[in-house]
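Please read the structure below before turning to the comments.
Just so it is clear, none of the values below were taken in a lab; they were calculated from the coordinates. Since the model is a prediction, treat every value here as computed from it, not as a measurement. Don't worry about glycine lacking a Cβ; one is built from the backbone with ideal geometry, like all the others, and counts go over all protein chains shown.
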Amino acid sequence: MTYILHYAPDNASLAVRLALYELELPFETVLVDRRSGGLRRPAYLALNPMGQIPVLETPQGAMHETAAILLYLADRHGAGRLMPAPGDPARGLALTWLFWLSNTLHPQLRALFYPDRHAPPGQENAFSRITRGRITDSLTVLEARLPALGRWLGGAAPSVLDCYLCPMLRWLALYPAGTTGWFSLGHWPGLRDVARAMESRPSALAAAMAEGLGPLPFSRPVPPMPPEGSAT
């Protein structure tokens, strides 16, 4: 079966697209048009009842949740390429940080992008300042842990951690538009090296071409110019 990735440009589906390209797996894409309400259409909610991106249709059925999809692909096809295999001593460490990306950093970004969904009316600006501080602290923690992660983040070949983290570094530089002056990837030189290494990969070049992300999508991102659909 050819995988089917339900995506929107420059959304969490980008992490899955990167992994699919890295594993050289055949897949098709289906655009979820956010502006026309594609996330709330019954056919899409049947695949992902949360009405979020991404969805990957697999031989075992439709999957959602970015980390779950990445782990599925790595274990089914990676043979230790994108994730330590079960039994590898590094497995626990890599799993810890994959779910940290999913359960800590990614929710912090959602809070930053949609403060009106999290803060009481009139307190959105204060909430955003607090959220920016939390993200800064989180990235500083991750920077300090890079040596311990070895090849599983920023190594010679990427892992699912690279596939997941690098799009988030991109989004922090771009969104919400006009409010990103607080963020500079240069504050975390190790993470900047991760971004530069990832964007030099054929997978990232292919993803950037498919979604209109520019020549340096992770270290020096520009607003997307997708050939179809919209990032928001």
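The figures follow:
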quantity	calculated
Loop trypsin sites (Lys or Arg not before Pro), segment 1-46, which have at most 11 other Cβ atoms in a 10 Å radius of their Cβ (DSSP)	35
Amide H within-cut-off set for residue 63, under 5 Å, with H built and near neighbours excluded	56, 57, 58
Estimated FRET transfer efficiency when R0 is 22 angstrom, pair residue 116-residue 36 (beta carbons, to 0.05)	0.55
Gyration tensor verdict on segment 25-159 (Cα atoms; rounded if a/c is under 1.5, prolate if a/b is larger than b/c, oblate otherwise)	oblate
Extension gain from residue 205 to residue 126, taking 0.36 nm per residue of separation minus the Cα-Cα distance	24.7 nm
Interchain or long-range residues, amide H under 5 Å from residue 3's placed H	28
Translational diffusion of the chain, µm² s⁻¹ [Kirkwood Rh, Cα pairs; Stokes-Einstein; 4 °C; 1.567 mPa s]	72
Total formal charge among the other residues, if their Cβ is under 13 angstrom from that of residue 207, Lys/Arg +1 and Asp/Glu -1	-2
Rough spin-label spacing in nm, given labels placed 7 Å along Cα→Cβ, for residue 4 and residue 46	1.0
Sparsely packed chymotrypsin sites (Phe, Trp or Tyr not before Pro) within segment 150-232, loop by DSSP, other Cβ within 10 Å at most 15	182
Rg/Rh for segment 91-201, where both radii come from Cα atoms and Rh is the Kirkwood radius	0.99
